[in-house]
Amino acid sequence: MRFPNFWQMFFKKDLADIGNNYYSQLVRWHNTSQIKRFFSDEYQEQFNEDVIFQELDDYIDPDIKRWHPLCRAQYLEATLFMSGYLLSSQGDRMMMGNSVEGRFPFLDHNIIEFTSQIPPVYKIYGLNEKFVLKKAFGDILPESVVHRVKQPYRAPISQCFAGDNVASSMLDDEMIKRFGYFDPSSIEQLLNKFKTQGWKNISERDDMSLAGIVSMQLLHHHFIDKI
């Protein structure tokens with residue numbers, strides 16, 4: 001169990017900015033933005049948050065300001081996170097790479113349209129998530145399932161790059177300098193940190209940073225470097 005101070009530091013930034021259209025995403029974006037320190041100076045100069053948020057404002061539904069906060073959060077999850085990242089990197093790519101076609105019942109358009117009309121109070125009752133779903137199936141599912149505490153699934157992200165494979169080769173100093181996205185000295189410090197602390201004992205922030213760096217390198221390797 002992590003110390004309470006850790007969670008306070010994790011969640012407190014922008015905690016009072018409840019009027020922000022992107023309130024539900026701010027914690028995720030803030031923590032993910034830490035990866036910017038690994039980019040080369042050339043690319044860091046291009047990270048203009050005002051421009052980025054203006055493009056985002058132009059992209060999302062302009063009526064979002066009128067919606068209930070929970071509806072805003074669900075819309076942003078579906079529009080920005082689910083299709084662009086969650087289903088792509090953790091679903092479609094993995095399954096298509098193994099000749100599997102995924103079918104997700106809760107993403108059926110009829111269900112989405114129906115659940116979008118359910119009042120927010122029935123979706124989360126206090127801190128009780130999936131409230132109406134639990135009520136609907138509570139009499140046919142075991143209590144251990146209905147009342148089970150939510151647990152995130154985790155994959156051994158950075159450990160995948162500890163061996164000798166194509167992904168880990170993207171972290172070679174030569175490849176980092178060749179593609180030019182990241183600062184070689186910053187990458188070297190990160191890798192030394194992994195070697196010193198052990199690949200299994202690294203923080204989640206560094207774990208995700210490494211995954212982002214490798215992903216960027218692989219995209220360039222497969223789709224740009226070979227053109």
Expressed as a fraction of 2.2 N^0.38 Å, the rule-of-thumb size for a compact globular protein of N residues, what is the C-alpha radius of gyration of the stretch 137-191? 2.08
Give, in nm to one decimal, the length gained when the segment between F104 and D14 is fully stretched (0.36 nm per residue of separation minus the Cα-Cα distance). 29.0 nm
If R0 = 35 Å, then Q197 and L219, at their Cβ-Cβ distance, give a FRET efficiency to the nearest 0.05 of 0.80
Diffusion coefficient, µm² s⁻¹, Stokes-Einstein with Kirkwood Rh over alpha-carbon pairs of the stretch 20-146 at 20 °C and 1.002 mPa s: 120 µm²/s
Highest average packing first - 69-80, 209-220, 138-149, Cβ atoms within 10 Å: 209-220, 69-80, 138-149
Dipole axis of the chain (+1 Lys, Arg; -1 Asp, Glu on Cβ), positive-most option in Q34, G163, P119: P119
Please state the Cα pair-distance histogram of the stretch 31-79 with 10 angstrom bins from zero: what percent is in each bin? 21, 39, 28, 12, 0
Can you give the FRET efficiency to the nearest 0.05 for M94 and S168, using r as the Cβ-Cβ distance and R₀ = 25 Å? 0.85
Over 25 Å between alpha carbons, listed pairs K12/K135; K134/K200; K12/K36; K36/K65: K12/K135; K134/K200; K36/K65
Write down, largest first, the equivalent ellipsoid semi-axes of the stretch 102-212 in whole Å, where each equals the square root of 5 times an eigenvalue of the alpha-carbon gyration tensor. 44, 18, 14
From the P(r) of the chain, could you give the percentage of C-alpha pairs in the tail past 28 Å? 47 percent
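Every read-out reported here was derived from the displayed coordinates using simple, explicitly stated rules and does not represent laboratory data. Computed from a predicted structure; not experimentally measured. Ideal geometry is used to build each Cβ from the backbone, glycine not excepted, and the neighbour counts take in all protein chains shown.
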